[in-house]
1. Residue 12 passes all but one of (1) assigned to a loop (DSSP other than H, G, I, E, B); (2) modelled with pLDDT under 85; (3) open to solvent by 80 Å² or more (accessible area, probe 1.4 Å); which number fails?
2. Output the residue which, of all residues in the range 22-58 that are among the polar types (S, T, N, Q) and more than 14 Å from the chain's Cα centre (by Cα), is modelled with the lowest pLDDT.
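The values are calculated or read from the model by the stated rules, or taken from the named source; none is laboratory data. All figures in this text were calculated on a predicted structure; none of them were measured in a lab. SASA here: full protein model, heavy atoms, side chains in, ligands and nucleic acids out. Shrake-Rupley method; radii C 1.70, N 1.55, O 1.52, S 1.80 Å.
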Amino acid sequence: MNHLDGYVWLRPPSSGLEWTTRPDDVEPATDATDRGSPHDAVLRARVAVANARSRGEVL
């Protein structure tokens, strides 16, 4: 979003709460079409389980 006084202001692409961090802790976001990383697959699986749990589908 912005940078000020040595900090970077970030917000999720789909809106949400802003947060600040140091520029050294920021890396480029991956393109939504780049799904080749095994880390992406693990994250997607964990999010799917968390979403199912929030809907009461998984205990």
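1. In the conditions (1) assigned to a loop (DSSP other than H, G, I, E, B); (2) modelled with pLDDT under 85; (3) open to solvent by 80 Å² or more (accessible area, probe 1.4 Å), residue 12 misses (3) alone.
2. Of the residues in the range 22-58, the ones among the polar types (S, T, N, Q) are 30, 33, 37, 51, 54.
If we keep only those that are more than 14 Å from the chain's Cα centre (by Cα) as well, we get 33, 37, 51, 54.
Working: 33: 55, 37: 69, 51: 87, 54: 87.
By that ranking, first place goes to 33.
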